[in-house]
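Participant: Before I ask anything, let me first share the structure, which is written out below as structure tokens.
None of the figures in this text is laboratory data; all of them are computed from the coordinates on show. Quantities reported herein were computed from a predicted structural model and do not represent experimental measurements. When we count neighbours, we look across all protein chains shown, and the Cβ atoms used for this are built from the backbone with ideal geometry, even at glycine.
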């Protein structure tokens, strides 16, 4: 097997570190995205009503941030495993997760249930943070290890 720069483990590791740095960068510039819930959850949110917000603008910004994190995460998965099946599964997983979580967020924000703040907090967290990457990477690593041991 030819060991070129693009297939070397060191180069892959550097690319993954760069992509993880981009994920951190998205977090650093989170104030660029419209999100009145960010400040709300930094305060005493258990005792304060939800702030007034433009929910359409909020949903668009959450989808934008989710999409950016997803694209970067797909890059990490591709570089780590270079398996088209993993990418196809990940795209499907991320799409379904977005639809389900966004639906739940819309319901939580538009109903007046008591003590829904933690639900909003966690659903929003899964939408704006790249948490699914940290679930998929070990799963794909395990799948990769199992499939190689069967050979």
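Participant: Can you compute the radius of gyration and Dmax for the range 14-68, using only the Cα atoms, both in Å?
Facilitator: Reported Rg and Dmax, both Å: 14.0, 45.
Participant: Also: Using packing as a proxy for protection, rank 11-17, 142-148 so that the peptide with the highest average count of other Cβ atoms within 10 Å comes first. Don't skip to the answer; put the middle values down first.
Facilitator: Working: 11-17: 13.6, 142-148: 10.9.
Most protected by this proxy first, the peptides run 11-17, 142-148.
Participant: Report, in deg cm²/dmol and to the nearest 500, the calculated mean residue ellipticity at 222 nm for the chain, where each DSSP H run with n ≥ 4 adds -39500 (n - 2.57) and the sum is divided by the residue count.
Facilitator: Working: 6 runs with 110 residues, N = 151.
Result for the chain, helices only: -24500 deg cm²/dmol.
Participant: Along the Cα→Cβ direction, 7 angstrom out, place labels at residue 111 and residue 131. What is the inter-label distance in nm?
Facilitator: It works out to 1.9 nm between the two label points.
Participant: Now for a separate question. Given contacts defined as C-alpha pairs under 8 Å and at least six residues apart, what's the relative contact order of the range 5-149, whole-number percent? Spell out each step's value before the answer.
Facilitator: On the way: 88 pairs, mean separation 39.9, N = 145.
Computed value for the range 5-149: 27 percent relative contact order.
Participant: What distance in nm lies between label points placed 7 Å from Cα along the C-beta direction at residue 93 and residue 59?
Facilitator: Taking the simple label geometry, residue 93 and residue 59 are separated by 2.6 nm.
Participant: Turning to a different aspect of this structure: Starting from the eigenvalues of the Cα gyration tensor, five times each then square-rooted, give me the equivalent ellipsoid semi-axes of the chain, largest first, whole Å.
Facilitator: On the way: eigenvalues 255, 57, 29 Å².
In descending order the semi-axes read 36, 17, 12 Å.
Participant: Still on this model: Per residue Cα convex hull volume for the range 36-94, in cubic angstrom? Walk me through the numbers before you get to the answer.
Facilitator: Values: hull volume 6.3 nm³, N = 59.
It comes to 107 Å³ per residue, whole-number rounded.
Participant: Please give the direction-averaged projected area of the C-alpha convex hull for the range 64-151, in square nanometres with one decimal.
Facilitator: Mean projected area for the range 64-151: 6.4 nm², to one decimal.
Participant: Right, another one. With each label point set 7 Å from Cα along the Cα-Cβ vector, what nm distance links residue 144 and residue 24?
Facilitator: Distance between label points: 2.2 nm.
Participant: In what order do 31, 141 fall by count of nearby beta-carbon atoms within 10 Å, going from fewest to most? Spell out each step's value before the answer.
Facilitator: Numbers: 31 9, 141 12.
Final ranking by Cβ density, sparse to dense: 31, 141.
Participant: Could I ask something else about it? Using the 10 angstrom Cβ neighbour count as an exposure proxy, how do 30, 42 rank, fewest first?
Facilitator: Numbers: 30 14, 42 8.
By the 10 Å Cβ count, ascending: 42, 30.
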